[in-house]
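Visitor: Please read through the structure below; I'll follow up with questions.
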Amino acid sequence: MPAPPTEAHFPSRLRSAAVAARVGLWLGVCFGIAFLTGLISHYAQNHSQPIPFPTSPVWGYRVTQGLHVAAGTAAVPLLLVKLWTVYPRLFIRPPREARKLAVEALERASIGVLVAGAVFQLVTGLMNSSQWYPWGFSFRTTHYAVGWVTIGAMVVHVAVKLPIIRRALTGDVEDTSQDRPTATRHGVLTRRGLLRTTWGAAGVAVLATAGSTVPFLRGVSIFGVRSGEGPAGVPINRSASAAGVTASAVSSGFRLTLAYAGTETELTRQDLLDLPQATESLPIACVEGWSASATWTGVRVRDLLDRIDAPRGRDVVVTSLQQRGAFGVTLLQSNFADDDRTLLALGLNGDTLAIDHGFPCRLIAPDRPGVLQTKWVTRLEVQA
Ligand SMILES: Nc1nc2c(c(=O)[nH]1)N[C@H]1C(S)=C(S)[C@@H](COP(=O)(O)O)O[C@H]1N2
Ligand SMILES: [Mo]
């Protein structure tokens, strides 16, 4: 069996604390942004919100979720370079003395958790934003839990390495005072060259996806998952046929039921069209990072609730024609239900709402995760 490599097998002087600390700094910034915006997104999707998620600014969630996905995307090349620069440290002989060995073992374990968590977050996040869900677990719960573990391990890692990070960042990149003794071989790239290439790769990764959020970047956004295709120029997340609602959505038997305190009122789509119409410009902002602004026309949800004498300050359960999947029933918190800009939309960008956008009617509310903008709505039930 060949002997495992020792650190002497990794002579490149690019693999240095000077490079690792600089890449690590930006990696930390990206993970910090992704963590904070992730907390916001998770909270926005919670049923119970002791502090109501704000309905203004209307583009708030669009920006935080766009940042979340952009930061995660930029972190991919940064993490790869970071791991490459520090990888030889795995093969450093562990210390003999018991106390030092224990400290070293703890530190390596925390790095193990950090690396595993970081890779898991980036891989599952990217898979989610390309709508590929081959796993059996709940993405949101798992991504959220592993987010805490990863950020915790990152804080420990930074605290342990702080003296090294400080020295590495204050010195020149080409300074060799903290290098492993065997890391002396010059290659084609200087350290500055490697850093520039890394920043470039992160920038390209972000540009290639950010077009899903920033309209003028669409042209360069080759990896942007949803960009501008779809009826009325707005992307489609799940089509009517994928949701299994094609027949019920176009059926003449369609009714919207309004329910409160044991009384129910049924409205046809024509009834809805005969009510006073409102127009609002509100974005769809998907958790996957893409977003699009659009002009919606329809009936204010508050007007509908007034028709059944529902008081203000009540949450509303929104039910879709969609029978399968997790998005068929959602909770519209009272501050969203009472906001004048929240519509049951019948039209989009001047056209009749396309079936894939939620015909006969769909919910659209300001500053709300796309996943809660329920399509093919058939029932609004005011909670007691
Ligand atoms: N009934 C139902 N509503 C739904 C969905 C769904 O799968 N089923 N997808 C949601 C998600 S994740 C998003 S981002 C938006 C997208 O709306 P659009 O397809 O009209 O762009 O619809 C939301 N409403
Ligand atoms: Mo979404």
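The values are calculated or read from the model by the stated rules, or taken from the named source; none is laboratory data. All figures in this text were calculated on a predicted structure; none of them were measured in a lab. As a convention, Cβ positions derive from the backbone with ideal geometry for all residues, glycine included, and neighbour counts pool all protein chains shown. Surface accessibility is based on the protein's heavy atoms, side chains included, excluding ligands, DNA and RNA. Shrake-Rupley method; radii C 1.70, N 1.55, O 1.52, S 1.80 Å.
Visitor: In this structure, is Arg180 among the basic types (Lys, Arg) and outside any helix (DSSP H, G or I)?
Guide: Working: among the basic types (Lys, Arg): yes; outside any helix (DSSP H, G or I): yes.
Yes, satisfied.
Visitor: I'm checking my understanding of the structure. Among residues of the range 264-285 that are open to solvent by less than 10 Å² (accessible area, probe 1.4 Å) and under 30 Å from the mean Cα position of the chain (by Cα), which one is nearest to ligand 2 (Cβ to nearest atom)?
Guide: That would be Ala285.
Visitor: Can you list residue pairs whose Cβ atoms sit under 8 Å apart, with the first residue in the range 221-240 being farther than 24 Å from Ala202 by Cα and at pLDDT 55 or above and the second being charged (D, E, K, R) and part of a helix (DSSP H, G or I)? Count only pairs 6 or more apart in sequence or on different chains.
Guide: Hits for this filter: Gly230/Asp356; Pro231/Asp356; Ile236/Asp356; Ser239/Asp356; Ala240/Asp356.
Visitor: Something else about it: Just checking, which of Thr268, Thr279 is within 22 Å of Phe254 (Cα to Cα), among the β-branched types (Val, Ile, Thr) and without any contact (Cβ under 8 Å) to a residue 40 or more places away in the chain? Walk me through how you get there before you give the answer.
Guide: Details: Thr279 fails: within 22 Å of Phe254 (Cα to Cα).
Exactly one of Thr268, Thr279 is within 22 Å of Phe254 (Cα to Cα), among the β-branched types (Val, Ile, Thr) and without any contact (Cβ under 8 Å) to a residue 40 or more places away in the chain, namely Thr268.
Visitor: Within the set of pairs 6 or more residues apart or between chains, which connect a residue that is open to solvent by less than 30 Å² (accessible area, probe 1.4 Å) inside the range 137-154 to a residue that is among the hydroxyl-bearing types (Ser, Thr, Tyr) with Cβ atoms less than 6 Å apart?
Guide: Listed by first residue and then by second, the contacts come to Ala153/Ser110.
Visitor: Let me ask something else about it. Checking Val158 against (1) under 14 Å from the mean Cα position of the chain (by Cα); (2) outside any loop (DSSP other than H, G, I, E, B), only one condition comes out false. Which one?
Guide: All conditions pass for Val158, except number (1).
Visitor: Any idea which residue in the range 177-212 is modelled with the lowest pLDDT, counting only those that are open to solvent by 60 Å² or more (accessible area, probe 1.4 Å) and closer than 19 Å to Ile33 by Cα?
Guide: Filtering the range 177-212 for residues open to solvent by 60 Å² or more (accessible area, probe 1.4 Å) gives 177, 181, 184-186, 188-190, 192, 196-197, 199, 204, 207.
When the remaining residues are screened for being closer than 19 Å to Ile33 by Cα, the result is 199, 204, 207.
Working: Trp199: 98, Val204: 92, Leu207: 87.
Checking each candidate, the answer is Leu207.
Visitor: Here are some conditions: (1) farther than 30 Å from Glu288 by Cα; (2) touching a strand residue (DSSP E or B) at 6+ places or on another chain (Cβ under 9 Å); (3) not hydrophobic (A, V, I, L, M, F, W, C). Gly66 meets all but one. Which one does it not meet?
Guide: (1)
Visitor: Report the residue count in the range 304-315 for those that are within 12 Å of Leu380 (Cβ to Cβ) and either surrounded by 15 or more Cβ atoms within 10 Å (Cβ to Cβ) or in contact with a Phe, Trp or Tyr (Cβ under 9 Å, 6 or more places away or on another chain) (or both).
Guide: The qualifying residues number 6.
Visitor: Give me the pairs, please: first residue somewhere in the range 308-324 and in the same structural domain as Thr257 (by TED's automatic domain parsing) and over 24 Å from Phe254 (Cα atoms), second residue anywhere and among the aliphatic types (A, V, I, L, M) and open to solvent by less than 20 Å² (accessible area, probe 1.4 Å), beta-carbon distance under 6 Å, and either six or more positions apart or on two chains.
Guide: From the range 308-324, the pairs are Arg314/Val382.
Visitor: Pick from Ala18, Ala44, Ala71, Ala75: which is within 22 Å of Ile364 (Cβ to Cβ) and hydrophobic (A, V, I, L, M, F, W, C)?
Guide: On the way: Ala18 fails: within 22 Å of Ile364 (Cβ to Cβ); Ala71 fails: within 22 Å of Ile364 (Cβ to Cβ); Ala75 fails: within 22 Å of Ile364 (Cβ to Cβ).
Going through Ala18, Ala44, Ala71, Ala75 in turn, just one is within 22 Å of Ile364 (Cβ to Cβ) and hydrophobic (A, V, I, L, M, F, W, C): Ala44.
Visitor: Out of the residues in the range 368-384 meeting the condition of being within 16 Å of ligand 2 (Cβ to nearest atom) and open to solvent by 10 Å² or more (accessible area, probe 1.4 Å), tell me which one is farthest from the chain's Cα centre (by Cα).
Guide: Looking at the filtered set, the residue picked out is Lys375.
Visitor: Pull up the range 326-347, narrow it to residues that are open to solvent by less than 30 Å² (accessible area, probe 1.4 Å) and either within 16 Å of ligand 2 (Cβ to nearest atom) or touching a Phe, Trp or Tyr at 6+ places or on another chain (Cβ under 6 Å) (or both), then point me to the one that is farthest from Gln49 (Cα to Cα).
Guide: Ala345
Visitor: Continuing with the same structure: Among the residues of the range 15-37, are any touching a residue at least 60 places away in the same chain (Cβ under 8 Å), surrounded by 14 or more Cβ atoms within 10 Å (Cβ to Cβ), touching a Ser or Thr at 6+ places or on another chain (Cβ under 8 Å) and not in a helix (DSSP H, G or I)?
Guide: Checked the range 15-37: at least one residue is touching a residue at least 60 places away in the same chain (Cβ under 8 Å), surrounded by 14 or more Cβ atoms within 10 Å (Cβ to Cβ), touching a Ser or Thr at 6+ places or on another chain (Cβ under 8 Å) and not in a helix (DSSP H, G or I).
Visitor: If you don't mind, another one. Which condition number does Gly72 fail, the rest of (1) open to solvent by 30 Å² or more (accessible area, probe 1.4 Å); (2) assigned to a helix (DSSP H, G or I); (3) not hydrophobic (A, V, I, L, M, F, W, C) being met?
Guide: The failed condition is (1).
Visitor: Still on this structure, I have one more. Identify, from the list Pro95, Pro54, the residue that is farther than 26 Å from Val287 by Cα, in contact with a helix residue (DSSP H, G or I) (Cβ under 7 Å, 6 or more places away or on another chain) and not in a helix (DSSP H, G or I). Lay out the reasoning, then the answer.
Guide: Details: Pro54 fails: farther than 26 Å from Val287 by Cα.
On inspection, the qualifying residue turns out to be Pro95.
Visitor: Which ones in the range 159-176 are open to solvent by 60 Å² or more (accessible area, probe 1.4 Å) and under 23 Å from Val103 (Cβ atoms)?
Guide: Passing the criteria: Ala159, Val160, Leu162, Pro163, Ile164, Arg166, Arg167.
Visitor: Spot the failing condition for Lys100; the list is (1) more than 18 Å from the chain's Cα centre (by Cα); (2) in contact (Cβ under 8 Å) with a residue 24 or more places away in the chain, and only one is missed.
Guide: Checking Lys100 against (1) more than 18 Å from the chain's Cα centre (by Cα); (2) in contact (Cβ under 8 Å) with a residue 24 or more places away in the chain, the one that fails is (2).
Visitor: Something else: State all residues of the range 286-300 that are within 15 Å of ligand 2 (Cβ to nearest atom) and within 14 Å of Leu346 (Cβ to Cβ); if no residue qualifies, say none.
Guide: Once the filter is applied, which keeps residues that are within 15 Å of ligand 2 (Cβ to nearest atom) and within 14 Å of Leu346 (Cβ to Cβ), the range 286-300 yields only Ala294.
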